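Notes follow the structure.
The values are calculated or read from the model by the stated rules, or taken from the named source; none is laboratory data. Keep in mind that this is a model prediction, so the values were computed, not measured. Every residue, glycine as well, gets a Cβ built from its backbone with ideal geometry; the counts of neighbours run over all protein chains shown.
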Amino acid sequence: MVTGLKYLTLLAAVLACSPPGRPPDEVQHVEDGYDLWLRYRPISNEMRLAEYLDAAAYLVVEGSSPTLRATRDELTTGLLGLLGTELPAETRVSRDGAIVAGTPGESAIIAALPIAEELRVAGEEGFVLRAMSVAGQQAIVIAANEDVGVLYGAFELLRLIQTQRSLRDLAITSAPRIQRRLLNHWDNLDRSVERGYAGSSLWEWEALPDSVSPRYRDYARANASIGINGSVLTNVNANAQVLTPEYLAKVATLADVFRPYGITVYLTARFSAPMEIGGLGTADPLDPSVQQWWAGKAAEIYRAIPDFGGFLVKANSEGQPGPQDYDRSHAEGANMLADAVGPHGGIVMWRAFVYSNELPVDRVRQAYDEFTPLDGAFRENVLLQAKNGPLDFQPREPFHPLFGAMPETPLMMELQVTKEYLGQDTHLAFLAPMWKEVLDADTYADGEGSTVGSVIDGTLHGYPRTGIAGVANVGTDRDWTGSDFNQANWYAYGRLAWDHALSSEEIAEQWIRLTFSNDSAVVAAVQVMMLASHEAVVNYMTPLGLAHQMARGHHYGPGPWVEGGRADWTSVYYSRADSGGIGFDRTATGSNAVAQYFPPVRDRFADRDSVPDDLLLWFHHVPWTEPMRSGRTLWDELVHRYNAGVDTVRWMRATWETVEGKIDEQRFLDVQAFLRIQEKEAEWWRDASILYFQTFSDMPIPAGYPRASHPLSFYRSLSCPPDTRKPRCEAIY
Ligand code: GCW
């Protein structure tokens, strides 16, 4: 927070904004994060400003659909902010400097341009952005086959201007690689958010449908600006109430606000809804009355929301009802719902995150065992939604072995944008590198080059339908995501959903320029911080392939000692630490989960000599004294990694100090404070984990590494506040 005095000083600086001594633009504004990456602050680079003023002098948008109106609004607002001048809207190209936007269907100007081939490549949702001559005048063209493509193109143009790129040789044709690019909200009808760390749910269920928050539109704008085209509004731990007429009217209102921005709404379907709100005695998917109930419900939904996307379902997992309650398979359950929404063009996204209460089998192998026999058994409008890894959004996991293993069933990937296991709102962890690791991983399903990305974008197996889902991190906090840097993960998710070939480096750079500053010193400093941040978290929480060492329930602080109760919800189940070593044997001598991967990946992971260090303890139980590639023993390497994590955070803090005065003060201070917390908590993770594992290794801390300042009993006695939205443990070190 900015103190009153600091605020006044800042305000004085803003008011006295005449050169010389005028602070760079990024420093002038009091920023609260609400504008995300759509800040549209004045261009400070005068050369570029002159170029843009020439290139963008007036606007010609032909067509009047709500989406084209939204496009015109965004361009007008954006360019007014960036260039300091309102662009007149004109109906023809009469001189240089037009921005011409539209589709060939509705715009005769666009239809007359020689860009047919580019438009073909752009497909249904893509766009063509070109500097070219129109009616003999120099213009910038934003063309697409559908209105929503024009909107995406407009956002791309604004992004180029915000990041101060030259428009002179502009020639971009862009099309999304994946069709359904969704956010999954784990939002409950009481407005709590499961694993949400940014306040309450954005959806004001009680006030809807009569009262419509302006945030809904800004939410839609933000999503459209990064290509997200769908929202599942409700938690996968579902409540059937949302399917009642009262709630469907509210959902329809949200859908109306989102529609111009190309956002389709979806809902989670509670499998037992026919009993809970339908008055039936069963939810058996093969029972005709149940089938009829869902068909009627689907028809009712489509009457209220004609472009409704479909259902997302978590069934027979963690206590949720499902077809197995009636001895039916997941395919029978999914197909019943698919038949209900199919006639209306809807889809069913069936989650593969299932594992049994009863089975004593390694949890990470259960989804594969359950679903691969069902390949080909699903209706064509069913997509199977698997998490990036086989466990549960850990800081590092190998890719899910289902990817590549179901050629007849479209697989979607679910990523968790909200950082349940990665420091939640406070810790800085930029997740693009983690997601890229999975997207770029080679499954070898169909020989070399069968990357996970090529599975989910449909190119490997020719899936007719494709999708990707990100568990949303947004809420009612003014900055939407609970911290400035968590915004980067929302941004990165959208950008990768559009094009998973983008690099983490370019996504980070873009986001910094849009969000903080175009100053190259700021960009360079913040980019290296972001790119190092995920690995830092892996190191101080779960190095060398460890997983699920978090405290019980809230998953925030360390809890390597957690045991008792259901085994596969404990830490000791995953670390398998004992006097002989540490790690989960998933080779043939253990659970053999490694056999679920295609060769040669299987062999690489299974062989102690070729498994990457980063996944060592995921696949192997390793003696404490075993030498590692580094030459250290396993124990020394573990100590080294925990410390490397802490050291990186310390370095991130120091690096952040270098941007002081180069960005606005409020966000500088907010990030500074969070990095301070992160450093303390990284030490807490390190010390608690090392002391705990030392009780098994019985080996000393190698020379040169710090010792914990408290005994293990102290760390074991710590617990974070029960408020899972903001579990700060700072006060208790
Ligand atoms: O990651 C775990 C979470 C649960 C979540 C579940 C799931 C929605 O701890 O909060 O429930 O996964 O993905 O279904």
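A single entry from Val341, Val313 fulfils the requirement of being of a type in the set (Val, Ile, Thr) and within 16 Å of the ligand (Cβ to nearest atom): Val313. Picking from residues in region 398-408 that are surrounded by 24 or more Cβ atoms within 10 Å (Cβ to Cβ) and either touching a Gly at 6+ places or on another chain (Cβ under 8 Å) or hydrophobic (A, V, I, L, M, F, W, C) (or both), the one that is nearest to Phe371 (Cα to Cα) is Leu402. Pairs meeting the criteria (first residue in region 90-105 and outside any loop (DSSP other than H, G, I, E, B), second residue surrounded by 13 or more Cβ atoms within 10 Å (Cβ to Cβ) and at pLDDT below 95, beta carbons under 6 Å, at least 6 apart or on different chains) are Gly102/Glu62; Gly102/Gly63. When region 380-393 is filtered for residues that are touching a Leu at 6+ places or on another chain (Cβ under 9 Å) and part of a loop (DSSP other than H, G, I, E, B), the ones remaining, listed by number, are Asn388, Pro390, Phe393.
Go through Pro627, Pro612, Pro623 for me and flag whichever is free of Cβ contacts under 8 Å to residues at least 60 places away in the same chain, within 22 Å of Phe393 (Cβ to Cβ) and not acidic (Asp, Glu). Sole residue among the options that is free of Cβ contacts under 8 Å to residues at least 60 places away in the same chain, within 22 Å of Phe393 (Cβ to Cβ) and not acidic (Asp, Glu): Pro612.
The residues listed here are Gly333, Gly278; of these, the one that is in contact (Cβ under 8 Å) with a residue 12 or more places away in the chain and in a helix (DSSP H, G or I) is Gly333. Residues in region 200-215 include at least one that is part of a loop (DSSP other than H, G, I, E, B) and within 16 Å of the ligand (Cβ to nearest atom). Filter region 232-250 for residues that are crowded, with 24+ Cβ neighbours inside 10 Å and either free of Cβ contacts under 8 Å to residues at least 12 places away in the same chain or more than 16 Å from the ligand (Cβ to nearest atom) (or both) and give the result. Result: Leu243, single match. Taken over region 336-347, the criterion of being of a type outside the set (Asp, Glu) and either touching a residue at least 60 places away in the same chain (Cβ under 8 Å) or out of contact with any strand residue (DSSP E or B) (no Cβ under 8 Å at 6 or more places or on another chain) (or both) is satisfied by Met336, Leu337, Ala340, Gly342, Pro343, His344, Gly345, Ile347. For Arg363, the stated conditions do not hold, so it cannot be described as more than 16 Å from the ligand (Cβ to nearest atom), closer than 22 Å to Ala315 by Cβ and of a type in the set (Lys, Arg). Selection of region 543-565 for residues being in contact (Cβ under 8 Å) with a residue 60 or more places away in the chain and within 13 Å of the ligand (Cβ to nearest atom) yields Ala547, His548, Met550, Ala551, Gly553, His554, His555, Tyr556. Contact annotation: residue pairs with Cβ atoms under 8 Å, 6 or more positions apart or on different chains, pairing a residue in region 577-604 that is within 25 Å of Thr633 (Cα to Cα) with a partner that is of a type in the set (Lys, Arg) and assigned to a loop (DSSP other than H, G, I, E, B), are Ile582/Arg576; Gly583/Arg576; Phe584/Arg576; Asp585/Arg576; Val594/Arg586. Look at Leu422 and say whether it is within 14 Å of the ligand (Cβ to nearest atom), in a loop (DSSP other than H, G, I, E, B), under 24 Å from the mean Cα position of the chain (by Cα) and touching a residue at least 60 places away in the same chain (Cβ under 8 Å). Judged against the criteria, Leu422 is a match.
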